Amino acid sequence: MLCFHYRNSYQKIKRRTGINCYNFLKKQPEIDIFPNKILTFINLYRMKEDPREYDHEIQDLVTQFEKLRQGQPHKFLEEEAFEKIIDYFDEKDNLPAALEAAEAGMELFPYSASLMVKKADLLIATRKYSEALSLLEQAEIYDSTDIDIYILKTDVFLALDEHEKAVVLLEKALQEFDGEERINLLFELSDVYDDYEEFDKVFDCLAHILESDPANEEALYKICFWTDFTGRSEESIRLHQQIINEQPYNELAWFNLGAAFQGLKLYEKSVDAYKYALAINEKFDYAYRNMADAYIKLRKYKDAIEALEKVIELARPEDVIYEAIGYCYDKLKKYAQARFYYKKASHLSTDDSKLYYKIACTYINEMSLGKAVQYLESALRIHKMQPEYNLAMGECLLELGKVKEAIMYFSNVVKARPKGVGGWEALIRCLYSSDFLDDAMEQTAAAMSMAGDKPIFIFYKSAILFAQGKSKEALLLLQDAMEKSPKMLKKFIELNPTILQNQQVVDIIAFYKKKRSF
């Protein structure tokens, strides 16, 4: 299941730019979420209205500031002008110049809380936490209503690893602010709880935001992830049903409702919720993704394929989507089509050995063992000791009559998983079928030592003793094996079907069948 999750730094960017960065990011999903890149995009966004006017204004302010620095005649710079100059240098990653501008501004406007806040922000960036905190305390005296003071204080406390102080500060500030500012503080508090791994409290903060502002997209995106992470699906269902009652066309609320149902394995209900989200926004590719996942859980593979094909129409090609379509065709036993999509996935993810293995399995299911071996070789070049790959390779080679090579691959399996039954079983069966009876007996003893006295090994040891002509010991072991797990008899017979010509063996089998019927 896919959930949206955007982490941290949004309030800081909004604080520095005055733009709701989250909405901008949502329109630009392909960009990396790093502040410097975001600020670059935001500058372009700002300039859309009139880039020439923006560029001319800031260049003129910077020129006047340079004259001020050099003691030359210059135009008088207002408090707001210094704020813009500080932002300009900050966005250029020229922190020394930004600090100099802040200090020059504070000389002219010594009681400006906003300039104090900007300088404190820069001091935090240069790790001068004590100076920043002192300046923020001073700014609070002049303007206790500036929310940035509390957010920056939080940054200082977190940098000093004083988590409790950050929480106390924000909880106190929540009593002083309302509306959008209170929501911003709740986001900040959620990030604090996230940093200190108090994840249930992150969920609580986001829930409080949505109770106040049901249409808050950032909270809707984030709470989807935290619902899944904390397992609080039932609460999420109640919350989003309330939102939908007020806002029936809220596509994110429907999506989150579907994800919450999915978290409780109520897949039919989750599909219904995703369908509502898609009725509102037919290009909502994440709804198609999650709906496909729900259909797969319901084993409705044809429906899952349809949903995944819609994802391909709406979004960039992804290996996981092609692989999922391949998986659905695999389950429908349409191996050629499954292989087609696994190959498309492998072209996008050339180092994913699992995809080569899955392609090989489609050939195995069609008994095209030579081609299966080629793809297993590709998988093993990437992960040489992967047990599943070695086991499949061993089985293919055994079927192709390459016994010694098969033994080598089965040996790799038991080396990788000495306590696993499957590898030992395959190795013993290979040795037995090739008449290496002494080796088979030796490996059976090793299997019982490493993996335990499993009934399958007792059956195999009995079969080996029969093949060696040691009927008395073999019959005793067969009785022991039948006592422990009569269901394993099938594998004993598969090893040597002619064993049923032995009347004593038939009598033991008949005895235990009769015993079970009572």
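The values are calculated or read from the model by the stated rules, or taken from the named source; none is laboratory data. From a predicted model like this one, the values you see are computed outputs, not experimental measurements. When we count neighbours, we look across all protein chains shown, and the Cβ atoms used for this are built from the backbone with ideal geometry, even at glycine.
Quick notes
- The helices (runs of 4 or more DSSP H) found entirely in segment 362-473 that carry 3 or more residues being modelled with pLDDT of 95 or more and within 23 Å of LYS343 (Cα to Cα) are 369-382, 387-399.
- Residue among ILE124, ILE86 that alone is aliphatic (A, V, I, L, M), buried (at least 18 other Cβ atoms within 10 Å of the Cβ) and modelled with pLDDT under 85: ILE86
- Residues of segment 148-182 that are within 32 Å of the chain's Cα centre (by Cα), of a type in the set (D, E, K, R) and either under 19 Å from GLU198 (Cα atoms) or exposed (fewer than 15 other Cβ atoms within 10 Å of the Cβ) (or both): ASP155, ASP161, GLU162, GLU164, LYS165, GLU171, GLU180.
- Screening SER144 on (1) at pLDDT 85 or above; (2) closer than 30 Å to LYS201 by Cα shows it passes everything except condition (1).
- Subset of segment 441-462 that is among the β-branched types (Val, Ile, Thr) and over 41 Å from the mean Cα position of the chain (by Cα) - its residue that is farthest from LEU478 (Cα to Cα): THR444
- Within segment 273-305, tally of residues that are part of a helix (DSSP H, G or I) and either within 21 Å of ALA324 (Cα to Cα) or touching a Leu at 6+ places or on another chain (Cβ under 6 Å) (or both): 22
- Answer residue from segment 425-443, given it is charged (D, E, K, R) and within 18 Å of MET488 (Cβ to Cβ) and is surrounded by the most Cβ atoms within 10 Å (Cβ to Cβ) among those: GLU425
- Cross-chain or 6+ apart pairs with Cβ under 6 Å, segment 426-454 first and under 17 Å from GLN468 (Cβ atoms), then part of a helix (DSSP H, G or I) and of a type in the set (Ser, Thr, Tyr): ILE428/THR444; ILE428/TYR460; ALA440/TYR432; THR444/TYR460
- Single condition ALA338 does not satisfy, out of (1) over 22 Å from the mean Cα position of the chain (by Cα); (2) in a helix (DSSP H, G or I); (3) surrounded by fewer than 23 Cβ atoms within 10 Å (Cβ to Cβ); (4) in contact (Cβ under 8 Å) with a residue 12 or more places away in the chain: (3)
For (1) within 26 Å of GLU388 (Cβ to Cβ); (2) touching a Lys or Arg at 6+ places or on another chain (Cβ under 6 Å); (3) surrounded by 14 or more Cβ atoms within 10 Å (Cβ to Cβ), each residue gets a yes or a no:
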site	(1), (2), (3)
TYR460	yes, no, yes
LEU465	no, no, yes
ASP480	no, no, yes
GLN501	no, no, no
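- The listed residue being under 21 Å from LYS333 (Cβ atoms) and either among the aliphatic types (A, V, I, L, M) or surrounded by fewer than 23 Cβ atoms within 10 Å (Cβ to Cβ) (or both), out of ALA315, ALA307, ALA287: ALA307
- Within segment 204-243, the residues that satisfy the criterion of being of a type in the set (Gly, Ala, Ser), surrounded by fewer than 22 Cβ atoms within 10 Å (Cβ to Cβ) and assigned to a helix (DSSP H, G or I) are ALA207, SER212, SER233.
- Extreme residue, modelled with the highest pLDDT, among residues of segment 502-518 that are part of a helix (DSSP H, G or I) and of a type in the set (Phe, Trp, Tyr): PHE511
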